[in-house]
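Q: I'd like to ask you about the structure that follows.
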Amino acid sequence: MTVRDSQLGAALALLTVAVALAVAALLDPARFSPDPDSLALQIGIAFVLTFLVVLVLRYVLLLWLSYLQHIENRGRVHSDAPHPRVTIVVPVYNEEAVIDAAIRSLLALRYPAFDVIIIDDGSTDGTLGRVSALAGIYGTVRVRVLTKVNGGKATALNTGIAASRTPFVLCMDGDSRLHPDTLQYAMRHFADPRVGAVAGNVKVVNRTNLWTRLQALEYVEGLNMARRAQGFLRIVNIIPGPIGVFRREALAAVGGYDTDTFAEDADLTLKLLTAGWHVAYEERAVAYTEAPETYLDLVKQRYRWTRGILQALRKRRAWLRSPRQGLAVWISLVVMLFEAVLWPAMNVVGNLLFTVAALSAGVAGGVFYWWSLLTMLDVAAALYAVGMEGEDLRLVPYSVAYRFFFITMIDVAKLFATAEELVQVRMTWGKLERVGRI
Amino acid sequence: MTINLLLSTIILVSFLITIVMAAGSYVAYKLREGRRPALERAAPEGESPYFERILADEP
């Protein structure tokens, strides 16, 4: 028997036990019939009601703020001012399958003044050969390639930033592709001298199976809508790795990327916010990225994100404890902590508690109404977000599956990662294998 | 069993299965990662290398 067989066997055994327990509970509700006046039941019901209130409030706030951002951003006019030169920094590590498409997307950018620096972070495949072949001058665009000993994405980005000589820097992933209008839309925000960085809009390009389509919806409905809402307040708390544009002066002021977390993008964003810079969001600065195509790869990604975010937050403990240092930044940090840990925990525990409470109180039929309510909220939010971004309407039906199992699976993975971060389990970077669909 | 109770049962069972599958997948992920050799990486020394350690030449 192979290890894989053992894993499958264990999973099936667990599954059978779970199904048996669930069926037994439903067939014999008396088993779960404590005194309705019991403290435990009352606490459970109070928690579930709190969860419901937080859920609705969260949606209302997100929808309202994101709508305001949408209106504000649509009214932003093109500036006639000269376009400042931008350096695009592309860190690559074993991106042989996708790097050609990424660089060619840069050469198609509709922006008059930019250069490209590709940093090979000690790739062990044919990446360096491929990017070296792309070095040269293309019209007004100069493509340079630097190579260094492998040291991680943050060090590669720092190398590129240090080598740049322009007032603005766009940092992206080697496995991403930019929309031709990305740069011109993102640069408009820098007319405000308080804006230190602009977060872009990341979209999933490989919508080839259920997992990637669910992630495509998650990016639109979950990640981007939250970023859009934060953008209205200029307190975006994660500039995504695939697309972030920075004022070089701001990067220099905060010392660039740190290497002590596994979410260098979140960490840098928090450094900028706590240094007093505004961080905006531009929905039309679009980057396309490959999402993990298998569930295990998705777990790997979310594991790193969750632990990295917690590491970045841990570095700002003092800020979290003291809103007086800056209320907007404090709100941003609290929101980050809430979304990374508290909300996933509430999602899982809230649903579990509701189920137990419904069984205990002999109203198991209420589970259907509960889930219908949550799903309706998700479908409504998906319709709204998809409509606002002009996204593919076919993503909306996936919001049913999103609520049915996807968000629970993601939240459980986040909770495990949180537990491991709390007890400081050793972790490695865990690079995702790309299949070259961008 | 009413249709409501039937649907509730399906949801309940699916939810519990999801929790178990998620936990099982997490274990599978940890097992898979445990078998992979960790990426060898030059450990950064001291503070952030930004503008200090990196001296890139102009071409």
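Q: Per-residue HN-Hα couplings for the stretch A:342-353, Karplus 6.51 cos²θ - 1.76 cosθ + 1.60 at θ = phi - 60°, whole Hz, x for Gly and Pro?
A: For the stretch A:342-353, the Karplus-derived couplings read 5, 5, x, 5, 5, 4, 6, 5, x, 5, 4, 5 Hz, x marking Gly and Pro.
Q: Enumerate the amide H contacts of A:VAL89 below 5 Å, restricted to partners 5 or more residues apart or on another chain; note that Pro and chain-start residues carry no placed amide H.
A: A:ILE117, A:LEU170, A:CYS171, A:MET172
Q: Tell me which of A:GLN301, A:ALA318, A:GLY231 sits at the most positive position along the dipole axis of the stretch A:212-328, charges placed on C-beta atoms (Lys, Arg +1; Asp, Glu -1).
A: A:ALA318
Q: Buried accessible area between A and B (1.4 Å probe, both chains summed, ligands and nucleic acids excluded), in Å² to the nearest 100?
A: The summed interface area works out to 4700 Å².
Q: What is the extension gain from A:ALA46 to A:ARG394, computed as 0.36 nm multiplied by their sequence separation minus the C-alpha to C-alpha distance, in nm to one decimal?
A: Length difference between fully extended and current span is 121.6 nm.
Q: Residues with amide H under 5 Å of A:THR294's amide H, sequence separation 5 or more or different chain, H placed in the peptide plane at 1.01 Å from N; which?
A: The answer is none.
Q: Here's a follow-up. Using θ = phi - 60° and the Karplus form 6.51 cos²θ - 1.76 cosθ + 1.60, what ³J(HN,Hα) does each residue of the stretch A:96-112 get, whole Hz, x for Gly and Pro?
A: Computed from phi, the couplings for the stretch A:96-112 are 3, 6, 10, 5, 4, 5, 4, 5, 5, 5, 5, 5, 8, 5, 8, 8, x Hz.
Q: Compute the Cα gyration tensor for the stretch A:234-312, then decide on rounded, prolate or oblate, letting a ≥ b ≥ c be the square roots of its eigenvalues: rounded whenever a/c is under 1.5, prolate when a/b is larger than b/c in the other cases, and oblate in all that remain.
A: Here the stretch A:234-312 falls in the oblate category.
Q: Hey, with R₀ at 56 Å, roughly what FRET efficiency would A:THR124 and B:THR2 work out to, going by the Cβ-Cβ distance, to 0.05?
A: Once rounded, the FRET efficiency stands at 0.40.
Q: Follow-up. If you average the alpha carbon positions of the stretch A:208-282 and of the stretch A:289-343, how far apart do those two centres end up, in angstrom?
A: 11
Q: Of A:LYS203/A:LYS414; A:LYS300/B:LYS30; A:LYS300/A:LYS414; A:LYS203/A:LYS271; A:LYS203/A:LYS315, which ones are farther than 19 Å apart at the Cα?
A: Result: A:LYS203/A:LYS414; A:LYS203/A:LYS271; A:LYS203/A:LYS315 exceed 19 Å.
Q: A:THR166 versus A:HIS83, label points 7 Å from Cα toward the beta carbon: distance in nm?
A: 0.9
Q: Between A:VAL195 and residues 5 or more places away or on another chain, which pairs have amide H atoms under 5 Å apart, with H built 1.01 Å from N, and which residues are they?
A: A:HIS278
Q: For the modelled label position 7 Å from the Cα of A:LYS315 along Cα-to-Cβ, which residues of the stretch A:239-271 have backbone nitrogen atoms closer than 16 Å?
A: Inside the label zone: A:239-241, A:250-271.
Q: What's the long-distance tail for the stretch A:55-183, i.e. % of Cα pairs beyond 24 Å?
A: 39
Q: From the phi angles alone, apply the Karplus equation (6.51, -1.76, 1.60; θ = phi - 60°) to the stretch A:170-179 and give each ³J(HN,Hα) in whole Hz, x where the residue is Gly or Pro.
A: Values, residue by residue: 9, 9, 9, 9, x, 9, 10, 9, 9, 6 Hz.
Q: Then there is this: Could you provide, to the nearest whole Å², the per residue accessible area of the stretch A:299-393 with probe 1.4 Å?
A: It amounts to 41 Å² per residue over the stretch A:299-393.
Q: Distance in nm between label sites at A:LEU61 and A:VAL334, each 7 Å beyond Cα in the beta-carbon direction?
A: 0.8
The values are calculated or read from the model by the stated rules, or taken from the named source; none is laboratory data. Keep in mind the model is a prediction, meaning the values are calculated, not measured. In this analysis, Cβ positions are derived from the backbone assuming ideal geometry, glycine residues included, and neighbour counts consider all displayed protein chains. Areas reflect the complete protein model, heavy atoms only, side chains present, ligands, DNA and RNA absent. Shrake-Rupley method; radii C 1.70, N 1.55, O 1.52, S 1.80 Å.
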